[in-house]
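Asker: Structure below; questions to follow.
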Amino acid sequence: MRQNRLITIFAYLLMIAGCMGIVFLISKVADTDSFPEETGRVIIEETPSPTDPVDDETERALQPAEPESKEEQNTGGRRKWYTARHRSKPQAEPEVIEEEEPKGPPRLILATDLHYMSPKLTDYGKAFEVFTARDDGKVERYSSELLDAFFKEVLEYRPSALILSGDLTVDGEKINHQELAAKLAAVQEEGVPVLVIPGNHDINNPNASSYIGDVREEAENITPEEFYEIYHSFGYDGAASRDENSLSYRYVLDDTHWLLMLDSCEYEPYNKVGGRIKDETYTWIREQYEAAKEANAVMIPVAHHNLMGESRVYPTECAIEGGEEIISILHEYNVPLYLSGHLHLQRIKQFQAEPGTVVDDHVTEAVTASLSIAPCQYGVIEWKEDESMSYSVKTVDVSGWARGNRLEDENLLNFDTYSEELVKQVVSDQIYKKIYSVPDDMKRRMADLYGQLNFEYCAGKEADKREVRDSYGYELWEKTQSDSQQLVLIEKMMADLKEDNTSWESGPAKETAAESSIN
């Protein structure tokens, strides 16, 4: 009996051992199929090291995508950065050929006399108030905001170039130049080329100042070499030609549209108000116009100072000394338009030859008003398909910019009203102090009339002589100050504003838009 039980137990043990053997063999076969060497090892696809040999396709996948080109930035294109570990099998993407949009004729935005002032140079206290009260109505308190709103419009319009024709800063302060250059770099990074030239305020200016508390203190200014160092990327680096004797250069917009950026300033050993082109520079100017003639290109000159006497009110230190030489060159090469600033007035005038002189072609000058003085205008220059040209002005929409940025400053939200009232008040207060032997209430009416007319004069608007002469303020001027210099200036402003000075077109229509009454 006991023997039978042992036999049975032994048989069971043999059966169990056989089953375990079968299971072991099955698992062994499965392990061999799943893992190459070690049981339990998981293979993870790794990025090859720099020393590992890789195939061409994997190498391309390992490289980061090229940064966006200028064209892709301008069109909002987006490209991804990736490595092989994000794709086990990198796949070639289909090549997309983007057709370049046909470019039309160039169009330009021109602003001048920005007179930028950094908030770091003032606390807007007593010294600042004294400075602005003696000035001509610039909106220096909001200089930075005005420029930001202007640059927003520039980027929306996307011109072929943004031109700034001098007096970039208040009085040539280095920090003002540096901060402005940073703002211009942001514009240029968005694909709009920026071209600058200096104005009479910008270089070697001993009036460079800060205004903190009650004290006006001297601030660091810049030399011509420093001007180039700060602004070299805005026109100079891309110039087709540079004058060795000044900060003038030639810039090519396209094959047939060029710009001659002229440095008309005198700043050795210190800055002067008036303008002059160096004798050596005239040689260079003629060489540039010969090059334009050979290329069948039209080249428009841009300078800070004026080509002609544009104002009866400001007859000195505005037109370039010896400007007849430039006028002669422009006539010789049939140049239709000369662009300038400096005056802080909006003016358009066609050159008038001396009586008895026959001139087949007449050059027109468009003087753009100061961006920093209400109505804070800038110029828009466009070519049409038939190669005719137009010039017009626009006003910076600071209020719209302020609302878009959710600002709460009432002066910015109502900027047109604020800036207009500012320039009127500053000028009328200055005139008020020059009126004698008249009751205060009458003095205020007289000064207010002058301030209103001055605002229209700066804006280039046509004056209604009848309305001015029928006003109570004008009547008081005639009765109480008939021999005053201020009444003479009122008459000169009205004489200059016989027509609108905010638009011009080349071709048959230019005669009615551009001719000036100044002879």
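The values are calculated or read from the model by the stated rules, or taken from the named source; none is laboratory data. The structure presented is a predicted model; accordingly, all values stated were derived computationally and were not measured. Cβ: placed from backbone, ideal geometry, glycine included. Neighbour counts: every protein chain shown.
Asker: List the helices (runs of 4 or more DSSP H) that sit entirely inside region 405-484 and contain at least 3 residues that are over 41 Å from the mean Cα position of the chain (by Cα) and surrounded by fewer than 18 Cβ atoms within 10 Å (Cβ to Cβ). Break it down into steps so the answer makes sense when it comes.
Answerer: Working: elements: 410-413, 415-432, 440-459, 465-469, 472-480.
It comes to 440-459, 472-480.
Asker: Would you mind finding the one in 447, 374, 459, 369 that is closer than 25 Å to residue 134 by Cβ and touching a Pro at 6+ places or on another chain (Cβ under 7 Å)? Don't jump to the end; show me each part of the working.
Answerer: Details: 447 fails: touching a Pro at 6+ places or on another chain (Cβ under 7 Å); 374 fails: touching a Pro at 6+ places or on another chain (Cβ under 7 Å); 369 fails: touching a Pro at 6+ places or on another chain (Cβ under 7 Å).
On inspection, the qualifying residue turns out to be 459.
Asker: While we're on this one: Take residue 313 and decide whether it is assigned to a loop (DSSP other than H, G, I, E, B) and under 26 Å from residue 266 (Cα atoms).
Answerer: Values: assigned to a loop (DSSP other than H, G, I, E, B): yes; under 26 Å from residue 266 (Cα atoms): yes.
Yes.
Asker: On to the next question. Any residue that is part of a loop (DSSP other than H, G, I, E, B) and over 18 Å from residue 167 (Cα atoms) - is there at least one of those in region 256-266? Even if it seems obvious, please write down each step before you answer.
Answerer: From region 256-266, those part of a loop (DSSP other than H, G, I, E, B) are 256, 263-264, 266; that's our starting set.
Filter once more, so that each one left must be over 18 Å from residue 167 (Cα atoms): 256.
Scanning region 256-266, I find at least one residue that is part of a loop (DSSP other than H, G, I, E, B) and over 18 Å from residue 167 (Cα atoms), so the answer is yes.
Asker: Looking only at region 352-361, decide whether some residue is in the same structural domain as residue 505 (by TED's automatic domain parsing) and under 15 Å from residue 248 (Cβ atoms). Before the answer, list the steps.
Answerer: If we filter region 352-361 for residues that are in the same structural domain as residue 505 (by TED's automatic domain parsing), which is where we start, we get 352-361.
Filter again for under 15 Å from residue 248 (Cβ atoms), leaving none.
No, region 352-361 contains no residue that is in the same structural domain as residue 505 (by TED's automatic domain parsing) and under 15 Å from residue 248 (Cβ atoms).
Asker: Considering only region 294-321, how many residues are within 25 Å of residue 252 (Cβ to Cβ) and free of Cβ contacts under 8 Å to residues at least 60 places away in the same chain? Don't jump to the end; show me each part of the working.
Answerer: Narrowing region 294-321 to residues within 25 Å of residue 252 (Cβ to Cβ): 294-305, 307, 320.
After this cut, where a residue has to be free of Cβ contacts under 8 Å to residues at least 60 places away in the same chain as well, the list is 294-297, 299, 301, 307, 320.
So the answer is 8.
Asker: Using the structure shown, decide if residue 210 is farther than 20 Å from residue 266 by Cα, in contact (Cβ under 8 Å) with a residue 40 or more places away in the chain and among the polar types (S, T, N, Q). I'd like the intermediate steps shown before the answer.
Answerer: Details: farther than 20 Å from residue 266 by Cα: yes; in contact (Cβ under 8 Å) with a residue 40 or more places away in the chain: yes; among the polar types (S, T, N, Q): yes.
Taking the combined requirement at face value, the residue satisfies it.
Asker: Now for a separate question. Going through region 199-252 one residue at a time, which ones are among the charged types (D, E, K, R) and either modelled with pLDDT under 95 or surrounded by fewer than 20 Cβ atoms within 10 Å (Cβ to Cβ) (or both)?
Answerer: Let us first name the residues in region 199-252 that are among the charged types (D, E, K, R), namely 202, 214, 216-218, 220, 225-226, 229, 237, 242-244, 250.
Hits for region 199-252 are 214, 216, 217, 218, 220, 225, 226, 229, 237, 242, 244.
Asker: Can you find even one residue in region 281-296 that is of a type outside the set (Asp, Glu) and closer than 22 Å to residue 223 by Cα?
Answerer: Let us first name the residues in region 281-296 that are of a type outside the set (Asp, Glu), namely 281-286, 288-289, 291-293, 295-296.
Within this subset, residues satisfying the condition of being closer than 22 Å to residue 223 by Cα are 281.
Checked against the condition, which is being of a type outside the set (Asp, Glu) and closer than 22 Å to residue 223 by Cα, region 281-296 yields at least one hit.
Asker: How many of the residues in region 232-255 are hydrophobic (A, V, I, L, M, F, W, C) and in a loop (DSSP other than H, G, I, E, B)?
Answerer: Going through region 232-255 one residue at a time, the tally reaches 3.
Asker: For residue 367, indicate whether it is in contact with a Gly (Cβ under 8 Å, 6 or more places away or on another chain), assigned by TED's automatic domain parsing to the domain that holds residue 163 and at pLDDT 95 or above. Before the answer, list the steps.
Answerer: Numbers: in contact with a Gly (Cβ under 8 Å, 6 or more places away or on another chain): yes; assigned by TED's automatic domain parsing to the domain that holds residue 163: yes; at pLDDT 95 or above: yes.
The answer is yes for residue 367.
Asker: Turning to a different aspect of this structure: For the structure I just gave you, tell me whether residue 155 is surrounded by fewer than 16 Cβ atoms within 10 Å (Cβ to Cβ), in the same structural domain as residue 222 (by TED's automatic domain parsing) and farther than 24 Å from residue 427 by Cβ.
Answerer: Numbers: surrounded by fewer than 16 Cβ atoms within 10 Å (Cβ to Cβ): yes; in the same structural domain as residue 222 (by TED's automatic domain parsing): yes; farther than 24 Å from residue 427 by Cβ: yes.
Yes, satisfied.
Asker: Sticking with this structure for a sec: May I ask you to say which residue of 349, 384 is closer than 22 Å to residue 165 by Cα and modelled with pLDDT under 95? Give the derivation first.
Answerer: On the way: 384 fails: closer than 22 Å to residue 165 by Cα.
Step by step, each of 349, 384 is checked, and only 349 is closer than 22 Å to residue 165 by Cα and modelled with pLDDT under 95.
Asker: Of these, 386, 397, which one is out of contact with any helix residue (DSSP H, G or I) (no Cβ under 8 Å at 6 or more places or on another chain) and surrounded by fewer than 22 Cβ atoms within 10 Å (Cβ to Cβ)? Even if it seems obvious, please write down each step before you answer.
Answerer: Values: 397 fails: out of contact with any helix residue (DSSP H, G or I) (no Cβ under 8 Å at 6 or more places or on another chain).
It is 386.
Asker: Which of the residues that make up region 287-310 are surrounded by fewer than 21 Cβ atoms within 10 Å (Cβ to Cβ) and polar (S, T, N, Q)?
Answerer: Scanning region 287-310 gives a single hit, 296.
Asker: Using the structure shown, decide if residue 459 is within 21 Å of residue 367 (Cβ to Cβ), in contact with a helix residue (DSSP H, G or I) (Cβ under 7 Å, 6 or more places away or on another chain) and aliphatic (A, V, I, L, M).
Answerer: Numbers: within 21 Å of residue 367 (Cβ to Cβ): yes; in contact with a helix residue (DSSP H, G or I) (Cβ under 7 Å, 6 or more places away or on another chain): no; aliphatic (A, V, I, L, M): yes.
When the stated conditions are applied, residue 459 does not pass them.
Asker: Return only the number of the condition from (1) in a loop (DSSP other than H, G, I, E, B); (2) crowded, with 19+ Cβ neighbours inside 10 Å that residue 284 does not satisfy.
Answerer: Single failed check for residue 284: (1).
Asker: Hey, another quick one. Please count how many residues of region 293-335 are over 28 Å from the mean Cα position of the chain (by Cα) and polar (S, T, N, Q).
Answerer: Number of matching residues: 4.
Asker: So in region 393-404, with the set limited to residues that are in a helix (DSSP H, G or I) and of a type in the set (A, V, I, L, M), which one is farthest from residue 135 (Cα to Cα)?
Answerer: 402
Asker: Mind listing whichever residues of region 112-151 are over 22 Å from residue 403 (Cβ atoms) and hydrophobic (A, V, I, L, M, F, W, C)?
Answerer: Filtering region 112-151 for residues over 22 Å from residue 403 (Cβ atoms) gives 112-118, 120-138, 140.
Result: 114, 117, 121, 127, 128, 130, 131, 133.
Asker: Examine region 498-519 for a residue that is outside the structural domain of residue 368 (by TED's automatic domain parsing), more than 27 Å from residue 394 (Cβ to Cβ), at pLDDT 95 or above and not acidic (Asp, Glu), and state whether such a residue exists.
Answerer: The answer is no, given that none of the residues of region 498-519 is outside the structural domain of residue 368 (by TED's automatic domain parsing), more than 27 Å from residue 394 (Cβ to Cβ), at pLDDT 95 or above and not acidic (Asp, Glu).
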